[in-house]
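Following: one structure in structure tokens, then a few remarks.
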Amino acid sequence: MVIDVALVSYGIAALAFALLSIGLLATRQQTSRFLLLIACLTAALWAGMLAWPKADASTAARLVPTAELARDVAWLMFLLSLQGSLAKAGETRRMAAGISGFALLAAAISLWQANSDAWPLLQLLSGAGAYVCLSIIGMLLVEQVLRSASLQQRWGIKFACLGIGGIFVFDFYLYSEAMLFRQINPGVWSARGIINALIVPMIAVSAHRSAKWATTISVSRRFLFHSVALFGAGLYLLAMAAAGYYLRYVGGNWGSFMQLAFLFGALLLLGTVMFSGAFRARIRVFLSKHFFAYSYDYREEWMQFTRTLAKADDSPYQRTIEAIANLVESPGGALWIRRETGQCEPAGHWNTFSSTAQEPAQGALCCFLEQHKWIIDLQEWQEDPVKYQNLALPGWLLTLPDAWLVVPLIVNAKLLGFIVLARPRSPIALNWEVLDLLKIAGSQAGSYLAQYEAAQALLVARQFDSYHRMSTFVVHDLKNLVAQLSLLVANSARHKDSPEFQQDMLETVTYSVEKMKTLLQRFNRSKSAEAPQPVALDAMLKQIVNFRAALHPGLTMQISASGMSTFGNASRLERVIAHFVTNAIEATPKDGRITLSIERDGMDAVIVCADTGQGMSEEFIRERLFKPFVSTKSTGMGIGIFEAREYIHELGGSIAVASAVSHGTTFRIRLPIYVPQSVAADVTNDEGVAGESAETEITVH
């Protein structure tokens, strides 16, 4: 009589869940109801298996490891989807990971029970313990869902949560009692079916109240893809386990060997199929076509598109091809970019064909893409060219292996280039949604490439600008050398017989030659720049005065403090100080005086270049002196004083200018004294402060 009660009980449950499933299918399909429908169908299948006429308690117990596991996991996934819309994403992911791990453990126990000859008691305790844990997880999830829901949300979901919670509470009682008394209570087992049937109306009420469950339940394509893949893998493993059990049963002495070999081969085949790109692509296409109103999850697709473009391991051209190809499951493609030559040249390829063919920017293909902005399906073009206004495609395009689509890259209504995609892993229907997505993605990719091209052009322009700026300084230095040599030529008529003049002229020419060699080396990019080092200031000033003494009779030098050094580029600093002396020589008459001196002011060395020449007005010093390309000399370039200020500031120094028209000019160049770290603590600041000038003085910072 117990068997009849169990049959009727589980039969009623199977009928109730089947009717609820039909009701959910008859209503307007929504993604939000998908997991609820799966859970109801699984529950109906589970109850129907247990209501099999020939089933008794022991037979039903053997069906639990398969049918009941699928039912419990389906209800847990439904609860998890409710929790996912009410809680933080991180908490939901952690819950999903924990439940998935335990479900895999329960599946392993189920397979072991179905194919093991272990003691029945050990099988009962292990299986019951697993389902007790699943029941506890289910009750915790119900509590989390109800606690996370607002009052309005709770009104819609409370009956479903209470009903599903009742299922897990009853299962907890059933299996905990079985573990305690080491057997399943037949009466409790028989009542279980009718208990499950009683919760069907509660779920139906919640489904009716929550017609807009889309605000609380969402099934992403990724979740659905992995769920279908795991469900299919589970069914496959169950079938293989049954086949292995059959081989073991009929194989005699070879039974165990045949079972192990068969199961290992089945697992190897499953792993190969699950890691197949073509198989995964077919699953995605099937799910998008049959379970969703739109073919794409645009948020997920756009995030993946952006992440692909932002990768740093490949060239931007390869990243662009990959980002576009992933939208339509294409395994690769090639990119052509419009260049200044008037040709669309190959810029890169990804995972597929490469080509050296070029397409004229004014050719039929490029003009068609720019004018119509269409995606060209090469197979459709071959079948019906009229759809593309009888466009004549180039021969090299038609010979590319597996070429499928031509996607234009449009930026500001102009064609930047185009991408040729390879045929996808699984057939994809090119409807309006796919074409619109490819168009907007091509526009976004074109903007990305246009920005990259502009950045590369700007980098080249900056390199040329740096080169031109350096050449300007070099030309300025050459002009100074020419001026020195010109003065030597002018004085040679009067002093050519003087041994001292001949010696000075030889030294000046030698210095000029070495200087020009140094300037030419600056243009050679392969030469490394001179490393900064301590520069002895008094020795540098002596060299500057010695090489220019023949240019002006009034040039003298005064050293108030010797032994000071600064840290910098010796040749560049010498060129900067020499520029002040050269300017003073050119601005001072032959009967005037030019004094180059050095003194110490605390931890600074002060180089003073004073002359009694023409002088400058305060307005000129303030508004024009340090402007590049501004000069009062007919042969001047206006670069030297600008370079001098920039480099002195780079060294951490400053320039002070004191000048009066017709009375002369004084430049005070302040540089930090270089002190080795070993003696830095012994340096004192007991030097006096330099006196102030009574003339107009402007400090340049």
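Counting the residues of segment 424-458 that are in contact (Cβ under 8 Å) with a residue 60 or more places away in the chain and among the aromatic types (Phe, Trp, Tyr) gives 2.
Checked against the criterion of being without any contact (Cβ under 8 Å) to a residue 12 or more places away in the chain and assigned to a helix (DSSP H, G or I), segment 537-549 contains one or more residues that satisfy it.
Which of the numbered conditions does Glu586 fail, given that it passes all the others? Conditions: (1) surrounded by fewer than 20 Cβ atoms within 10 Å (Cβ to Cβ); (2) of a type outside the set (Lys, Arg); (3) at pLDDT 90 or above; (4) in a helix (DSSP H, G or I). Of (1) surrounded by fewer than 20 Cβ atoms within 10 Å (Cβ to Cβ); (2) of a type outside the set (Lys, Arg); (3) at pLDDT 90 or above; (4) in a helix (DSSP H, G or I), only one is false for Glu586: (3). One residue stands out in segment 428-455 among those that are surrounded by fewer than 17 Cβ atoms within 10 Å (Cβ to Cβ), hydrophobic (A, V, I, L, M, F, W, C) and within 18 Å of Arg319 (Cβ to Cβ): the one that is nearest to the chain's Cα centre (by Cα), namely Ala455. When Lys590 is tested against (1) in contact (Cβ under 8 Å) with a residue 40 or more places away in the chain; (2) touching a Pro at 6+ places or on another chain (Cβ under 7 Å), just one condition goes unmet, and that condition is (1).
For segment 404-421, the criterion of a residue being basic (Lys, Arg), surrounded by fewer than 20 Cβ atoms within 10 Å (Cβ to Cβ) and modelled with pLDDT of 90 or more is satisfied by at least one position.
Here's the yes/no breakdown for (1) within 22 Å of Pro427 (Cβ to Cβ); (2) modelled with pLDDT of 90 or more:
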site	(1), (2)
Thr320	no, yes
Ala325	yes, yes
Glu329	yes, no
Gly332	yes, yes
Ile337	no, yes
Glu345	no, yes
Asn351	yes, no
Thr356	no, no
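Can you find even one residue in segment 404-422 that is in a loop (DSSP other than H, G, I, E, B) and at negative phi? No; the residues of segment 404-422 include none that is in a loop (DSSP other than H, G, I, E, B) and at negative phi. Is at least one residue of segment 573-581 under 18 Å from Ala656 (Cα atoms), modelled with pLDDT of 90 or more and assigned to a strand (DSSP E or B)? No, because not a single residue in segment 573-581 is under 18 Å from Ala656 (Cα atoms), modelled with pLDDT of 90 or more and assigned to a strand (DSSP E or B). The set of residues in segment 359-407 being in contact (Cβ under 8 Å) with a residue 24 or more places away in the chain and farther than 22 Å from Val434 by Cβ consists of Glu359, Ala361, Gly363, Ala364, Cys366, Ala392, Pro394, Trp396, Pro401. In segment 162-191, the residue that is surrounded by the most Cβ atoms within 10 Å (Cβ to Cβ) out of those that are farther than 20 Å from Leu82 by Cβ and aliphatic (A, V, I, L, M) is Ala178.
For segment 561-596, the set of residues classified as more than 25 Å from Gln614 (Cα to Cα) and in contact with a Lys or Arg (Cβ under 7 Å, 6 or more places away or on another chain) consists of Ala561, Met564, listed by residue number. The single condition from (1) without any contact (Cβ under 8 Å) to a residue 60 or more places away in the chain; (2) in a helix (DSSP H, G or I); (3) under 30 Å from the mean Cα position of the chain (by Cα) that Gly348 fails is (2). Only one entry of Ala610, Ala561 meets the criterion of being of a type in the set (A, V, I, L, M, F, W, C), surrounded by fewer than 17 Cβ atoms within 10 Å (Cβ to Cβ) and at pLDDT 85 or above, and that entry is Ala561.
Scanning segment 657-677 for residues that are at positive phi, out of contact with any helix residue (DSSP H, G or I) (no Cβ under 9 Å at 6 or more places or on another chain) and crowded, with 20+ Cβ neighbours inside 10 Å yields no hits at all. Ser206 - would you say it is touching a residue at least 60 places away in the same chain (Cβ under 8 Å), in the same structural domain as Ile137 (by TED's automatic domain parsing) and either farther than 23 Å from Ala130 by Cα or crowded, with 21+ Cβ neighbours inside 10 Å (or both)? For Ser206, the condition - touching a residue at least 60 places away in the same chain (Cβ under 8 Å), in the same structural domain as Ile137 (by TED's automatic domain parsing) and either farther than 23 Å from Ala130 by Cα or crowded, with 21+ Cβ neighbours inside 10 Å (or both) - is not met.
The values are calculated or read from the model by the stated rules, or taken from the named source; none is laboratory data. Just so we're clear, the structure is a prediction, and the values are computed from it rather than from any experiment. Positions of Cβ are backbone-derived with ideal geometry, glycine not excepted, and every protein chain shown enters the neighbour counts.
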